[in-house]
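So the structure is just underneath, and the comments pick up after that.
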Amino acid sequence: EKTEITYTYPVGAVHTIPAVAKWGAQVFEERGIKYEVFFNMKEVDAKNKIVHSMEGGQFPFDLLITIPQHRGAQVILDSALGEGGWIPTNKETLQMEGTENVFVVGDTTNLPVSKAGSTAHFSADVLVENVVDLLSGQKPSHKYDGKVFCFIETGRNQASYISFNYTTPPNPPTPTTMVHWLKISYNKMYWLTSRGIL
């Protein structure tokens, strides 16, 4: 009741994926969270506690939580392997475009999917199988389908999730306490997943 939250996003909706944007806007409205789209941060006036956008908008704040723009790795920029720091990647075989024996995974790709841990996790299996194919004298035969999974905390001990791939858009379910606890449990077991045990 004593807190006012305003969420800003740089494009014309609260998320780049339409189904998630629609769902997110509804959750914001239910929770009394204001949102402003087409807000690309230009500068922060820390003395007067005002954030300014490139579009000419501004917001006063008591507490500003901001996430820097996601960028490609400097080593990729310095090597000129890919424009903007992203390596051109075959979206199915995960081979670097124009090469046969260079594979790309995770945040270094230019794939049209989230730069999320699950993206690297799901694509890693395909990458390994395709490297084995190549070492066996065969063409890479395994295909990454763009699978991504992400929990979304919504507060009040509730969470939802999105799961999607290149052809199937996400459809976030109604937030529940059970999904919140699944996320908490997964966080506790993360290192089992990264070691391939879970």
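Readers should treat all values here as calculations from the given coordinates under stated rules, not as data from a laboratory. Predicted model only: the values in this text are computed from it and were never measured. Here Cβ is always computed from backbone atoms with ideal geometry, including for glycine, and neighbour counts include all displayed protein chains.
Along its three principal directions, the equivalent ellipsoid of region 41-149 from the Cα gyration tensor extends over semi-axes of 39, 15, 10 Å, largest first.
Taking the number of Cβ atoms within 10 Å of each Cβ as an exposure proxy, the fewest-first ranking of 79, 123 is 79, 123.
Spatially, region 119-198 and region 43-100 are offset by 23 Å when compared through their Cα centroids. A quarter of the convex hull surface defined by the alpha-carbon atoms of region 1-89 gives 8.2 nm² as the mean projection.
Given that just one value was derived from the coordinates, which of (1) 1.02; (2) 1.05; (3) 0.96 is Rg/Rh (Cα atoms, Kirkwood Rh)? Identified label for the calculated read-out: (1).
Going from the residue with the fewest nearby Cβ atoms within 10 Å to the one with the most, 45, 62 rank 62, 45.
Per-residue ellipticity at 222 nm from helix content only, as computed over the chain with -39500 (n - 2.57) for each DSSP H run of at least four residues, stands at -8500 deg cm²/dmol. Comparing 169, 140, 60 in a Gaussian network model of the chain where C-alpha atoms under 10 Å apart are linked, the largest mean-square fluctuation is found at 60.
Sequence-distant contacts, meaning Cα pairs under 8 Å at least 6 residues apart, place the relative contact order of the chain at 12 percent.
Based on Cα contacts under 8 Å between residues 6+ apart, region 74-135 shows a relative contact order of 25 percent. Rounded to the nearest 10 degrees, the inclination of helix 18-31 to the longest alpha-carbon principal axis of the chain is 30 degrees. One chain, two ends: residue 34 and residue 73. Fully extended at 0.36 nm per residue, the span grows by 10.7 nm beyond their Cα-Cα distance.
If you wrap the tightest convex hull around every Cα atom of region 74-135 and split its volume per residue, you get 82 Å³.
Summary value for region 1-69: 26 percent relative contact order, contacts being C-alpha pairs under 8 angstrom separated by 6+ residues.
Total lysine pairs in the chain at Cα distances under 16 Å, for residues eight or more apart or on different chains: 7.
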